[in-house]
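One structure is given here, and the rest of the page talks about it.
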Amino acid sequence: MRFKKSIIVQFLLFLISVSAISCNLAKDSETEELRKEIADLKKEKDEQKTSKTEENKESENTEESKTKPKTKPKTKSLPITRDDAGDLMVKWEEAQDNADFNTYKSCYSPQFVGIKLTTSGKKTRMNYRQWMNDRQPMLKNIIDVGVQSLKIDIDGNTAVAQFEQTFQSANYQDSGGKVIEIKMFPDGAKIVSEEMTSSN
């Protein structure tokens with residue numbers, strides 16, 4: 001009787017052991033499947049994140065290209081003659097003598113670059129806007145601007161005018177050599193460069 005009980009007990013323990021193993025295997029299988037699902041979700045999330053980043057970059061590049069200011073192409077110059085340059089020099093001188101800023105301004109190209117020289121020897125480089133801002137108040141006080149010993153040479157599409165300038169205003173006066181470069185554009189001859197080479 002005791003032997004039978006012992007066998008039964010052992011059989012029950014065997015069944016419990018088998019059941020436990022089966023449960024563990026099932027749990028391990030479920031755990032593995034869960035891990036796989038988590039890995040798949042993570043991979044999908046990373047792919048979505050990468051896709052969004054690329055879309056944002058493309059969007060930024062598109063916006064940048066829209067907002068980036070376009071550089072205006074420089075207007076090509078046309079052939080110019082000594083007479084064209086000479087007429088502009090007369091117009092330029094008279095505009096200053098008459099304190100006519102609008103006419104003076106019309107003598108210059110927006111592509112203009114000038115070098116301002118003072119009697120102290122200081123040189124200041126200016127673009128078109130800076131030059132006009134500097135000259136507008138000065139023009140109101142001009143008494144006389146003189147052009148002497150004018151010489152005009154043609155170099156390709158550029159006329160180079162060299163002369164001695166005398167300048168007198170209510171509170172300043174000087175004289176010295178000046179070089180002006182002139183080009184012809186569809187709207188007429190314009191000054192593109194001006195430099196005082198000496199000032200006394």
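The values are calculated or read from the model by the stated rules, or taken from the named source; none is laboratory data. A quick note: this is a predicted structure, and the numbers were derived from the prediction, not measured. Every residue, glycine among them, receives a Cβ derived from its backbone with ideal geometry; neighbour counts consider all protein chains shown.
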Original post:
So which residues in the range 87-130 are within 15 Å of K178 (Cα to Cα) and small (G, A, S), if there are any at all?
Top reply: G114, G121
Subject >> Conditions (1) modelled with pLDDT of 95 or more; (2) more than 19 Å from Q165 (Cα to Cα); (3) hydroxyl-bearing (S, T, Y); number of the one not met by Y104 >> reply: (2)
Subject >> Residue count, the range 160-187 (criterion: out of contact with any Ser or Thr (no Cβ under 8 Å at 6 or more places or on another chain), of a type in the set (A, V, I, L, M, F, W, C) and surrounded by 14 or more Cβ atoms within 10 Å (Cβ to Cβ)) >> reply: 2
Subject >> Scan of the range 166-186 for residues that are assigned to a strand (DSSP E or B) and more than 25 Å from D84 (Cβ to Cβ), ordered by number >> reply: Q168, S169, Q173, D174, S175, G176
Original post:
What strands (runs of 3 or more DSSP E), lying completely within the range 74-165, carry at least 1 residues that are under 13 Å from E194 (Cα atoms) and under 32 Å from the mean Cα position of the chain (by Cα)?
Top reply: 108-117, 123-127
Original post:
Residues T158, T197: which one is more than 19 Å from Y104 (Cβ to Cβ), modelled with pLDDT under 95 and not small (G, A, S)?
Top reply: T197
Original post:
Regarding D174, is this residue over 23 Å from K76 (Cα atoms), at pLDDT below 95 and acidic (D, E)?
Top reply: yes
**OP:** Take the range 87-115 and flag every residue that is buried (at least 21 other Cβ atoms within 10 Å of the Cβ) and out of contact with any strand residue (DSSP E or B) (no Cβ under 8 Å at 6 or more places or on another chain).
**Re:** Y104
